[in-house]
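Novice: Got a structure for you, questions after.
What follows draws every value from the coordinates through simple rules; no lab data is involved. Just so it is clear, the model here is predicted, and its values are computed rather than measured. Positions of Cβ are backbone-derived with ideal geometry, glycine not excepted, and every protein chain shown enters the neighbour counts.
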Amino acid sequence: MGEKLLVKIYSEKIVILNGWEKVASHQRSYSSGDWCIILEHYLRTLLRKPSALTNSVVWHNAPGGIKKLYQNHFSDQNKEFITLLIYAKEKGFAQTNIMEAYRELTKRGVRKVSAEQIKAMLHGQTTQDSERVGQHTLLTIQEENIEKEATGTLEGITALMGTANSESLIYNSMKI
């Protein structure tokens with residue numbers, strides 16, 4: 001909040017940058033007046049006021065599985081739940097990975113699931129099946145690499161153009 005951000009608009013998505021850091025990315029919606037609200041984009045804000053989670057617009061648009069997990073095991077632990085989601089996001093896990101970890105814990109007979117159990121299960125999944133969990137992360141890394149390379153190319157061209165323009169100015173001022 002209160003900062004100017006760079007927005008890159010592509011044919012199928014928009015990417016929001018704070019300096020060189022990607023803050024958010026949204027797929028294009030072809031519906032007029034459509035909102036694309038993603039829970040992960042609001043986690044830091046919700047962490048400051050965890051009690052606002054269940055009354056927020058972003059929560060009402062959250063996937064049903066995540067809501068059910070919250071209702072069954074975290075309804076009185078908003079901050080712990082938000083911290084779990086932040087942890088998963090930072091480690092490259094998607095909400096589907098959280099739900100897979102939750103299902104695996106319940107299959108094993110765990111009745112009261114905690115954030116620490118889900119974290120441990122997420123890392124257990126990583127070692128057991130790194131391709132399945134890492135596929136989403138690999139795509140994100142590839143997209144970021146493409147963006148960095150394109151940005152580097154554009155900076156190089158801009159630098160060349162700046163050098164050519166300054167040499168032209170020097171030459172023109174010498175002629176006068």
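Novice: I146 to W35: extension gain in nm, 0.36 nm per residue of separation minus the Cα-Cα distance?
Specialist: Between I146 and W35, full extension yields 37.3 nm more.
Novice: Let me ask another. Quick check on the range 35-78: take the gyration tensor over C-alpha atoms, sort the square-rooted eigenvalues as a ≥ b ≥ c, and tell me if it's rounded (a/c under 1.5), prolate or oblate.
Specialist: Numbers: a/c = 2.02, a/b = 1.15, b/c = 1.76.
Here the range 35-78 falls in the oblate category.
Novice: Please work out how much length the chain gains when fully extended from K22 to L5, using 0.36 nm per residue of separation minus the C-alpha to C-alpha distance, in nm with one decimal.
Specialist: Net length gain for the segment: 5.1 nm.
Novice: Can you list the trypsin sites (Lys or Arg not before Pro) in the range 76-106 that are in a DSSP coil and have 16 or fewer other beta carbons within 10 angstrom? Could the numbers behind the result be given before it?
Specialist: Numbers: sites: K79, K89, K91, R103; in loops: K91.
For trypsin sites (Lys or Arg not before Pro) across the range 76-106 that sit outside H, G, I, E and B with at most 16 neighbouring Cβ atoms in 10 Å, the list reads K91.
Novice: Only Cα pairs under 8 Å and at least 6 apart count here; give the relative contact order of the range 1-68 as a rounded whole percent.
Specialist: With pairs under 8 Å counted, the relative contact order is 18 percent.
Novice: Shifting gears a bit: What distance in nm separates the simple spin-label points at Q71 and T158, each placed 7 Å from Cα in the Cβ direction?
Specialist: Here the answer is 4.9 nm between the modelled labels.
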